[in-house]
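Reviewing the structure listed below.
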Amino acid sequence: MRRNACDSNGLRNIGQPMKRGSAPVYLNLLRIRMPVTAVVSFAHRVSGVLLFAVAPGLIYLLSLSLRDPSGFDRAAAVLTSLPVRVLGVLVVWALMHHLLAGLRFLGIDLEWGISRAAARASAFGVLLLSLVLAMLFVTVWL
Amino acid sequence: MTQRGGGLGAWLVQRLSAVYLALFTVAALAWLILHTPWDYASWRALFARPAVSIASGLFFLALMAHAWVGVRDVILDYIGNFVARMTLLALLLGGVLALALWALQVLWTAAS
């Protein structure tokens, strides 16, 4: 293209429009560095989806536990079985992270902790506190 | 909320439901740890109380509203194909409504 070329409509030619799929792609997750705030945000989304996935199971356990004494015992047996306890660790962490990260986002909505330093600090805090609380609950539960 | 576009309605639903969910979760966890209703009789008696039943019902309504906004965001972000997106959104709406009705039914029968 000649510099300063114009097309038949009199508009500057700025080169070809980008073809779909012609943009550079770099998906080596091991080499991509994410800010801690991005990690918290992504984990917030993942934990939310996980909690939604187990919600039907939890409603079922509630209905089972309220039906009659044998139902209550069956629900208790499910909750103390090994595979459920292993999954439960993940669910408890998901709940803690989603709750704490969510509170952090509500604070940011109210413009608390929006400076970069404060945002990074609160992000680290959320990650740490959710791990600690999850381990606490797990030890009590198991 | 009826202004064109913006997404303000969904944002508000998500925030309001989040506040109630957070308060209920913390209160419920604290109460359960303190009172440990670990047999059928006390568990059932807990849900026979109208305050508990209603607060729990609100919890499930808030949970489904909150989940709807959240999962809808995920679907809108990642599903490019129009038919697939619309199908999943429709299934999501049906799913959260069904779960809400199921939970309310469980609470209702436990309260009677």
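The numbers here are math on the coordinates, done by the rules we state, and not lab data. These figures come from a predicted structure and were not determined experimentally. In this analysis, Cβ positions are derived from the backbone assuming ideal geometry, glycine residues included, and neighbour counts consider all displayed protein chains.
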Please give the direction-averaged projected area of the C-alpha convex hull for chain B, in square nanometres with one decimal. 8.8 nm²
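So how much slack lies between A:L110 and A:A53, counting 0.36 nm per residue of separation and subtracting their Cα-Cα distance, in nm?
Values: separation 57, 0.36 × 57 = 20.52 nm, distance 2.99 nm.
Using 0.36 nm per residue and subtracting the Cα-Cα distance, I get 17.5 nm.
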Considering only A:V40, B:A51, B:S112, whose Cα is most displaced toward the positive end of the charge dipole of the protein assembly as shown, charges sitting on Cβ of Lys, Arg (+1) and Asp, Glu (-1)? A:V40
Which whole DSSP H helices in chain B pass both tests: a Cα extent of 27 Å or more along the axis and a mean Kyte-Doolittle value no lower than 1.0? B:8-35, B:50-78, B:82-111
What nm value, rounded to one decimal, do you get for the distance between A:S70 and A:R33 when each label is placed 7 Å out toward the C-beta? 6.2 nm
Quick calc: nm separation of the 7 Å Cα→Cβ label points for A:F42 and A:A23 -> 1.7 nm
Over chain B: helical MRE at 222 nm, DSSP H runs n ≥ 4 each giving -39500 (n - 2.57), nearest 500: -30000 deg cm²/dmol
B:S112 versus B:A51, label points 7 Å from Cα toward the beta carbon: distance in nm? 2.5 nm
